[in-house]
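Written below as structure tokens is the structure these notes are about.
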Amino acid sequence: MKPVFVRPQSLTDKPFHFCPGCHHGVIHRLVAEAIDRFGVRERTIAAASVGCSVFLYDYFDIDVVESPHGRAPAVATGIKRTNPDKFVFIYQGDGDLAAIGTAEIIHAANRGENLTVVFVNNTVYGMTGGQMAPTTLLGQPTTTSPYGREFGQDGYPIKMTEMLAQLEGVGFAARVAVDTPARLAQARKAVFRAFETQLEEKGMGFVEILSSCPTNWGMKPLEAVRRIEREMIPYFPLGVYKERKGSDAL
Amino acid sequence: MSESKVTFEKGNVALAKAAVAAGCRYYFGYPITPQSDIPEYLSGVLPRIGGQFVQAESEVASINMLLGAGATGKRAMTSSSSPGISLKQEGISYMAGSEIPAVIVNVQRSGPGLGGIAPSQGDYFQATRGGGHGDYRVIVLAPASVQEMYDLTVLAFELADAYRTPVMVLADAMIGMMKEPLEEWVPQNPEPAKDDWAATGAAGRPGRRIKSLYLGDGELAEHNWKLAQKYERIRREETRVQIELPEGCELAVVAFGSAARIAKSAVDRLNDEGRRVGYVRPITLWPFPEEAIRRVAEQGVPLLTVELNTGQMVEDVRLAVEGRAPVHFAGYPPGYLPSPDDIYDEIVRRLPAGKEAA
């Protein structure tokens, strides 16, 4: 019998610890599919970050270096500059990438580091229990914005993909979601493009993936999925924001 | 030391040359006085010998680039000066926890805060107590000459690899900025293979984790004990100290780095004048040569600790002595670099009375 659905080779068989309805598992799978698709498992080194995705190293059967909170782009720079023949990707959440690690991601992007970045935006600090993130939407209550995020107090949710797309060092920048089968297919394509960008040495390949966090949003999984469409996508529009074409090497 | 040549060199440049001689091809750093000769030198040399020089956006980024490079087993280095080293502590803690070898250079300036750019030894506590969060140590080497900037930097790379741990070269503005004759030599110890632990891509093997997070029941205690055992081994095998103890020693000066250099002139002069003054210079600040110092104290020799701060290493001296002999202190906080005469007077003041040479 021909298998129609198998676990990507670069994933281990360890069950995900993620909460029901969380999108990290789906996104992990997309990344693993890309590793398999481009045949880079044996030369991949990932820099893991701090947050719910910290256990990435338990789920991927690849070499992984743990980074301090927000520093994965710097750690990955150190890995890639000393091992240009290796494939290096980082996987960061919104608190990690867009708050404590803002300097590291911007400058890694600006240097045009040949890295693939998977940025998971769920508008909340997940692992620490649902505090306000730099991407928390206006009006969204969290444990540290109990009356809802208010711009006079907390500023606006930060749009990283739009910002990074402005930098010359970025070869590919896109925002996708995985809340419907159609969007999942687009997300897969974007992750693949972010991989190709590195393989073609066109600078940073950056994918922001809107993700649900039912536990910290206080929603059931289906409600959480609907929130992505209803509240997140209007503020964080999906699409490819930057694509360096053809032979325009960096 | 088969091939060697003697040049007249600045301490910082000697250190940078040693890194290259030791096989370091990767440098990550951020400009700060008084160590900028190091990145300036390496930015010229490394790209021409197949290496990489990255000027990072911050000290925080540069230490984490070093972490990434070290995790793949490459010999790599960062350098900075006091305020910058404070920013690097996060990464140093992670490297100690993840057992990543790397060399970190601190050409000390003065603090606290922005302080100043004059020589100081105010970072002794920070360097020898680990510096960042958690229960760990960093091997700390304290050069007292331009030659030692070279020699101890080569050693730093060897120790970092041998024990898979970050190693700090703790210099200061005086040693870093002064020029002296330097004998450059080619290290003979080959760089050890790191295939058995480093992140190199999981070719033909399961993936590896270079990490410091341990959440399983009992795992972290086990990891901390494993580190502690490594530190114990380092204490046993890597403690280095220079001791010159004359027969019938009346008092011994304990000092490291540039303070030791100045104190040595005073000690030599007193001995020329017929006094019997000893000289104890810790070369490794961690591990601290406590046993050697205890043995001096057991002979009833009073000790005078001289530091370019208001009293840091003197605490380790007292811990080593444990009341066996008097421990005096002469401190020079930043802004005034003592002369040999100053230290001469401090020694004479503490010498037993009535024994002055004619």
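The values are calculated or read from the model by the stated rules, or taken from the named source; none is laboratory data. Bear in mind the structure is a predicted one, so any value in this text is a computation, not a measurement. Positions of Cβ are generated from backbone atoms using ideal geometry, with glycine treated the same way; all protein chains shown enter the neighbour counts.
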Within segment B:191-230, tally of residues that are touching a residue at least 24 places away in the same chain (Cβ under 8 Å) and surrounded by 14 or more Cβ atoms within 10 Å (Cβ to Cβ) = 13
Taking the condition assigned by TED's automatic domain parsing to the domain that holds residue B:59, within 21 Å of residue B:332 (Cβ to Cβ) and surrounded by fewer than 23 Cβ atoms within 10 Å (Cβ to Cβ), does residue B:170 pass?
-> no
So, in segment B:1-34, of the ones that are touching a Leu at 6+ places or on another chain (Cβ under 9 Å) and within 14 Å of chain A (Cβ to nearest Cβ), which residue ends up farthest from residue B:73 (Cα to Cα)?
-> B:30
Tell me which residues, restricted to segment B:1-24, are part of a loop (DSSP other than H, G, I, E, B) and surrounded by 22 or more Cβ atoms within 10 Å (Cβ to Cβ).
-> B:22, B:24
Any residue in segment A:124-132 that is in a helix (DSSP H, G or I), more than 14 Å from every other protein chain (Cβ to nearest Cβ) and over 15 Å from the mean Cα position of the chain (by Cα)?
-> no
Residue check, residue B:95 assigned to a helix (DSSP H, G or I) and surrounded by 21 or more Cβ atoms within 10 Å (Cβ to Cβ) = yes
Given the conditions (1) at the interface with chain A (Cβ under 10 Å from one of its Cβ atoms); (2) of a type in the set (D, E, K, R); (3) touching a Gly at 6+ places or on another chain (Cβ under 6 Å), which single one is not true for residue B:74?
-> (3)
Look at segment B:120-162 and say how many of its residues are assigned to a loop (DSSP other than H, G, I, E, B), hydroxyl-bearing (Ser, Thr, Tyr) and under 27 Å from residue B:189 (Cβ atoms).
-> 2
Residues of segment B:209-232 satisfying the condition of being under 24 Å from residue B:286 (Cβ atoms) and among the small types (Gly, Ala, Ser) = B:212, B:221, B:228
Name the helices (runs of 4 or more DSSP H) wholly within segment A:155-250 that hold at least 3 residues that are crowded, with 22+ Cβ neighbours inside 10 Å and out of contact with any Pro (no Cβ under 8 Å at 6 or more places or on another chain)?
-> A:160-165, A:181-199
Restricting segment A:47-69 to residues that are more than 8 Å from every other protein chain (Cβ to nearest Cβ) and closer than 21 Å to residue B:99 by Cβ, the residue that is farthest from the chain's Cα centre (by Cα) | A:58
Condition met for residue B:130 (surrounded by fewer than 24 Cβ atoms within 10 Å (Cβ to Cβ) and under 13 Å from the mean Cα position of the chain (by Cα)) = yes
Among what's in segment A:70-105 and is hydroxyl-bearing (Ser, Thr, Tyr) and at the interface with chain B (Cβ under 8 Å from one of its Cβ atoms), pick the residue that is nearest to residue B:30 (Cα to Cα).
-> A:77
Can you confirm whether segment B:82-93 contains a residue that is at the interface with another protein chain (Cβ under 8 Å from one of its Cβ atoms), among the hydroxyl-bearing types (Ser, Thr, Tyr) and over 21 Å from residue B:334 (Cβ atoms)?
-> no
Segment B:35-55, subset surrounded by 23 or more Cβ atoms within 10 Å (Cβ to Cβ) and more than 7 Å from chain A (Cβ to nearest Cβ), residue farthest from residue A:82 (Cα to Cα) = B:35
Among residues of segment A:70-115, those that are assigned to a helix (DSSP H, G or I), more than 12 Å from the chain's Cα centre (by Cα) and of a type in the set (Asp, Glu), counted | 1
Would you check which residues across segment A:15-46 are in a loop (DSSP other than H, G, I, E, B), within 13 Å of another protein chain (Cβ to nearest Cβ) and at pLDDT 95 or above and list them?
-> A:39, A:40
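Condition check ((1) over 19 Å from residue A:242 (Cα atoms); (2) touching a Ser or Thr at 6+ places or on another chain (Cβ under 8 Å); (3) basic (Lys, Arg)) across all residues:
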| residue | (1), (2), (3) |
| --- | --- |
| A:92 | yes, yes, no |
| A:101 | yes, yes, no |
| A:116 | no, yes, no |
| A:131 | yes, yes, no |
| A:137 | yes, yes, no |
| A:143 | yes, no, no |
| A:159 | no, no, yes |
| A:163 | no, no, no |
Report, by residue number, each residue of segment B:172-228 that is acidic (Asp, Glu), in a loop (DSSP other than H, G, I, E, B) and within 14 Å of chain A (Cβ to nearest Cβ).
-> B:191, B:195, B:196
Would you say residue B:62 is surrounded by fewer than 18 Cβ atoms within 10 Å (Cβ to Cβ), under 20 Å from residue A:113 (Cβ atoms) and within 12 Å of chain A (Cβ to nearest Cβ)?
-> no
